[in-house]
Amino acid sequence: MHRIIINIFCALLIFCAVSCKNDTSNAEKTVFNMNMDQNVTSLDPAFARNQNATWMVNQIFNGLVQIDSALNTKPCIARTWQISDDGLVYTFNLRNDVHFHDDALFPGGKGRKVIASDFVYSFNRLIDPKVASSGTWIFSDKVKDIHNFIAINDSTFQVKLVKPFPAFIKLLTTQYCSVVPKEVVEHYGKDFRSHPIGTGPFKFKYWKEDEILVMLKNEHYWEYKDGVQLPHLDAVKVTFISDKQSAFMNFIKKDLDFFDKVDGSYRDDVLTKSGKMTRKYRGKFQLKKSPYLCTEYVGILVDTSKSIVRNSPLRLKKVRQAINYAIDKPKLIKYLRNSVGIPATSGFIPQGMPGFDSTAVKGYHYEPEKAARLLAEAGFPDGKGMPMITLSTSTTYKDMIEFIQGELNAVGIKVKVDVSPAASLRDMMSKNGVNFFRGSWIADYPDGENYLAVFYSRNKVPDGPNYTGYFNKDFDRLFEQSYYESDAEKRYLLYQKMDRMVIENGNIVPILYDQSIVMMQNNISGYVLNPLSLMILKYVKKKNR
């Protein structure tokens, strides 16, 4: 009953908010309805650390630059920018027609114009220990201090780096780097998370946590497409029904316009094993699939200074390579995921990433005979004499790991599966406390550096993500060299060389490159998928039935 009351209240709220214009009839007003199965943790860009937060922050805020569907960096609040020859100084020329959303804290209640000092303040927040932003890593090793963010004048903003970082312009497309107004943030303090004021296509209206979130069209939005002001939608309404089956039924009843992911509980109902829409739903709604920059993998700890490595057969490279050859990835994807995903037969960098080249980085295909031969060469013919190894996973991925367990058992590698809560497993990984584990790596920004940093020696745990304890001086040299290579194609060649080194060592077992899959009602158009799986609603149109 409580949820019904909330929904009625919000329906009235949206109706009142979008129907008070005399020039357009109510019948033409469009509300985009969607559901999230978990609450949004924060609407403050400084804490946009997960997909739900990132998706909502992207509707309310803008940054200097943005990405398009092909992951190209495009102007946003910055009209143009220049990079110094040494790669250390980035100068941004700002638009003069971008305003914050209206708010009572601004003079006259009207949103003021964004100026360069707003970016100085916004970026300072990310490195301010008092704020404790989850996006501290964006600038932590790239700028010396707050004096490296400079407002030359109201329309010119500059960032000075301590060392070159060619992926920096792509890093700035993350939602952490959105601009926020100082006077509003300082008024609300930590409560800015639930009182967000940005410059984006939608403005915040109402949020009842774990119940409903409402955003309304920003009537003063600065961006146009094909001569038409964005956004097209009048409002966005988000519900938070945690039961995925119930939420899916709401989509089938057309109470929701959009649905993200095809969950295991109804996967076979929607998708055939070959990944096509089942006859039951064909034509009833749209289903879109695209590459998603996420590599699902099994990691192997190889740091021989650890006793759990010294006493394990996984310390032997041929055993690790045998594991890579023993897994039938296409079969796993077909039968466990209804063909959502791409077999990871190249490197750790996934398909969809700029510079990905499966001909340049050749990984492992399913070759059980080769796996058996490598095991014999390692001293374990048919697995004889090889002690049992433990493969750690979280509950969500138990079926995938049990499939891998069966594949490895088939070539003589005895595996025991250990299931832990996801948080516990992450904690053990961050301490190099597990020898053999399931993991995934999702891109924060569209550059291969984001993946290769996982194997850089200076990123050792607990401060970094080098969960496999891979330390290689030649790899480190190439990784550091890539920072000084401004030519993207030449940098991609360095990335491919590093990726080959990791794959040959066998400390990582790439299983699949993920795909994002969304469902939409047939009256929805303009929703464009991108490999970062970033929700962009400003182009979406809804035709009222």
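The values are calculated or read from the model by the stated rules, or taken from the named source; none is laboratory data. Every value quoted in this text rests on a predicted model; they were computed, and no experiment measured them. Every residue, glycine as well, gets a Cβ built from its backbone with ideal geometry; the counts of neighbours run over all protein chains shown.
Of the numbered conditions (1) surrounded by 12 or more Cβ atoms within 10 Å (Cβ to Cβ); (2) under 25 Å from the mean Cα position of the chain (by Cα), Asp243 satisfies every one except a single condition; which is it?
(1)
Being more than 28 Å from Glu449 (Cβ to Cβ), assigned to a helix (DSSP H, G or I) and in contact (Cβ under 8 Å) with a residue 24 or more places away in the chain narrows it down to one of Leu391, Leu374, so name that one.
On inspection, the qualifying residue turns out to be Leu374.
Scan (1) among the polar types (S, T, N, Q); (2) at pLDDT 90 or above; (3) not in a helix (DSSP H, G or I) for the single condition Thr54 breaks and write down its number.
Every listed condition holds for Thr54 apart from (3).
Checking Lys288 against (1) surrounded by fewer than 18 Cβ atoms within 10 Å (Cβ to Cβ); (2) over 30 Å from Asp263 (Cα atoms); (3) out of contact with any Ser or Thr (no Cβ under 6 Å at 6 or more places or on another chain), only one condition comes out false. Which one?
Here Lys288 clears every test but (2).
Specify the residue that is modelled with the lowest pLDDT; the eligible residues are those in segment 211-242 that are part of a loop (DSSP other than H, G, I, E, B) and either touching a Ser or Thr at 6+ places or on another chain (Cβ under 7 Å) or within 12 Å of Asn33 (Cβ to Cβ) (or both).
My answer is Ile241.
Here's a check for you: in segment 112-168, which residue that is among the charged types (D, E, K, R) and in contact with a Leu (Cβ under 7 Å, 6 or more places away or on another chain) is modelled with the highest pLDDT?
Checking each candidate, the answer is Lys160.
Please indicate, with yes or no, whether at least one residue in segment 39-48 is under 28 Å from Ser194 (Cβ atoms), surrounded by fewer than 22 Cβ atoms within 10 Å (Cβ to Cβ) and at pLDDT below 95.
Yes, because at least one residue in segment 39-48 is under 28 Å from Ser194 (Cβ atoms), surrounded by fewer than 22 Cβ atoms within 10 Å (Cβ to Cβ) and at pLDDT below 95.
Taking the criterion of being part of a strand (DSSP E or B) and within 22 Å of Gln321 (Cα to Cα), would at least one residue in segment 488-508 satisfy it?
Checked against the condition, which is being part of a strand (DSSP E or B) and within 22 Å of Gln321 (Cα to Cα), segment 488-508 yields at least one hit.
Anything in segment 113-128 that is in contact with a His (Cβ under 9 Å, 6 or more places away or on another chain) and buried (at least 23 other Cβ atoms within 10 Å of the Cβ)? List them, or say none.
Val114
Can you find, within segment 509-536, the residue that is surrounded by the most Cβ atoms within 10 Å (Cβ to Cβ) among those that are of a type in the set (A, V, I, L, M) and outside any strand (DSSP E or B)?
Leu532
Select from segment 406-422 the residues that are part of a helix (DSSP H, G or I) and either at pLDDT below 95 or touching a Lys or Arg at 6+ places or on another chain (Cβ under 9 Å) (or both) and list them in ascending order.
Scanning segment 406-422 gives Glu407, Leu408, Ala422.
With the requirement that a residue be surrounded by fewer than 18 Cβ atoms within 10 Å (Cβ to Cβ) and under 17 Å from Phe258 (Cα atoms), what does segment 28-38 give you?
Correct list: Asp37, Gln38.
Among what's in segment 187-199 and is out of contact with any Ser or Thr (no Cβ under 8 Å at 6 or more places or on another chain) and surrounded by 18 or more Cβ atoms within 10 Å (Cβ to Cβ), pick the residue that is nearest to Met56 (Cα to Cα).
Filtering first and then ranking leaves Pro196.
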